[in-house]
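Working notes for the structure below.
Derivation of every value follows stated rules applied to the coordinates shown; laboratory data play no part. None of the values given here were measured: they were computed from a predicted structure. FYI the Cβ positions are ideal-geometry reconstructions off the backbone, even for glycines, and counts take in every protein chain you see.
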Amino acid sequence: MKILVIQHKMIGDVLTTSLLFELLRERYPSAQLDYLINASTQAVVAHHPFIDRVWLFTSEIETSKKAANTFQKEIVAEKYDVVIDVYAKLRSALLTKATKAQKRISYFKWYTQHMYTHTVKPALTSHKDEGLAIENRVLLMEPLLGAVSEIPRPKIYLQTAELDAAKKVLQEKKIPRESPLFMIGVLGSGPEKTYPLPYMATLLDAIVADTNAQLLFNYIPKQQAKVDDLISLCAKTTRQHIYKDVYGNDLREFLALTAHCDALIGNEGGAVNMAKALDIPTFSIFAPWILKEAWNSYEGDGTHRSVHLKDFYPG
């Protein structure tokens, strides 16, 4: 049997959907399990033991009709038996239909339902500690597996060499380890998902004052100016605890550094999902327009916590 799972979009989406492969492998141990994702998200599923092949959707495929047609022909030629379209947009629906798979599964939408053999209606309220984002993905398994009672957690698989390299970086920078080490998600994926910098500076001041923690920042070089603005807003004592020159040059390096931290604190988004997949405690700040119930997963035992504006102002 050949099964293809489609998940475009961001890192958090791709990582969350990857848990489906553990369910599929358990039921179909000898099946070929393939994953279609955006090329920029490949790092979070590297070395995944239950994924056989990763199809990478590149910017060229997105902008070139010729490249898109070639890409689709290659996927159709695989003759998949099952396609699970988690992305559930018109583009992925058309591809799913083109595969002519015996089972084509996605979420119910009136304008694409005819392209699938099975559709499910996503839940609107969360009933489990996993949260809506995970619960609704697992619902897509029901036409194939029936009801799922035990839901695995998304996992990131780091190699020993990656962890050792990150540990060496921390040692070379002589970061004190007698106090906590926190990875700070200082910026969201865009301005609308970023906790205002003056407030973030106040938070960092409080963290250092209360815990004497050392702070690493999750950012990329092109965000340096905003990071410098944030540091300038912090108290002098706080600045002495910030190691802004210690960051991952790529996503895998960031993951390895985070794996050595005691917690990840900051804006809700992909970094928080990655930390959870590494078993690192998190505290996340939701943007007001994000549905907290969808992404506040695994908060039942207190290892992960989050705040949303409606927690303080329900109306």
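Here the gap between Ala67 and Ser232, fully extended at 0.36 nm per residue and compared with their Cα-Cα distance, gives a gain of 54.8 nm. Listed values for region 135-141 are Karplus-derived 3J(HN,Hα) couplings in whole Hz (6.51 cos²θ - 1.76 cosθ + 1.60, θ = phi - 60°), namely 4, 6, 5, 5, 4, 5, 7, and x replaces Gly and Pro.
Region 72-119 and region 22-70 have their alpha-carbon centroids 15 Å apart. Between amide H atoms placed 1.01 Å from N, distances below 5 Å from Tyr107 occur with Val120, all of them 5 or more places distant or on a separate chain.
Placing +1 on each Lys and Arg Cβ and -1 on each Asp and Glu Cβ, with no other charges, gives region 2-145 a dipole about its Cα centre of roughly 600 debye.
Anything over 20 Å Cα to Cα? Flag those among Lys89/Lys276; Lys65/Lys97; Lys167/Lys236, in the order listed.
Long pairs (Cα-Cα over 20 Å): Lys89/Lys276; Lys167/Lys236.
Under a 5 Å amide H cut-off, with hydrogens placed 1.01 Å from N, Phe57 pairs with Ile37, Asn38, Ala39 among residues at least 5 apart or on other chains. Taking the alpha-carbon distance from Lys222 and a cut-off under 15 Å, which aspartates and glutamates remain once sequence neighbours fewer than 8 residues away in the same chain are dropped? By straight Cα distance, Lys222 reaches Asp245, Asp250. Mean residue ellipticity at 222 nm, helices only, the chain: -10500 deg cm²/dmol; runs of at least 4 DSSP H residues each add -39,500 (n - 2.57), and the sum is divided by the number of residues. For region 281-288, backbone phi angles converted through the Karplus equation (6.51, -1.76, 1.60; θ = phi - 60°) give residue-by-residue couplings of x, 9, 10, 10, 10, 7, 5, x Hz, Gly and Pro being listed as x. Across the chain, Cα-Cα pairs farther apart than 29 Å form 41% of the total. Helix 197-211 and the longest principal axis of the Cα set of the chain meet at an angle near 70°.
Would you work out if region 2-145 is rounded, prolate or oblate? Take a ≥ b ≥ c from the square roots of the eigenvalues of the alpha-carbon gyration tensor; rounded if a/c is under 1.5, else prolate when a/b is larger than b/c, oblate otherwise. The shape class here is rounded. Rounded to whole numbers, the Karplus 3J(HN,Hα) couplings from phi for region 219-226 are 7, 10, x, 5, 9, 4, 4, 5 Hz, using 6.51 cos²θ - 1.76 cosθ + 1.60 with θ = phi - 60°, and x at Gly and Pro. Rounded, prolate or oblate: which fits region 186-288 when a ≥ b ≥ c are the square roots of the eigenvalues of the alpha-carbon gyration tensor, with rounded for a/c under 1.5 and prolate only if a/b beats b/c? Rounded, since a/c falls under 1.5. Taking the centroid of alpha carbons for each part, region 265-305 and region 163-221 are 16 Å apart. With the simple spin-label model, which puts each label point 7 Å out from Cα in the Cβ direction, the Ala165 to Lys244 separation comes to 2.5 nm. Full extension of the chain between Asp301 and Glu172 yields a length gain of 42.9 nm, computed as 0.36 nm times the residue separation minus the alpha carbon distance. Fully extending the segment from Lys103 to Glu150 would add 14.6 nm, taking 0.36 nm per residue of separation and subtracting the current Cα-Cα distance.
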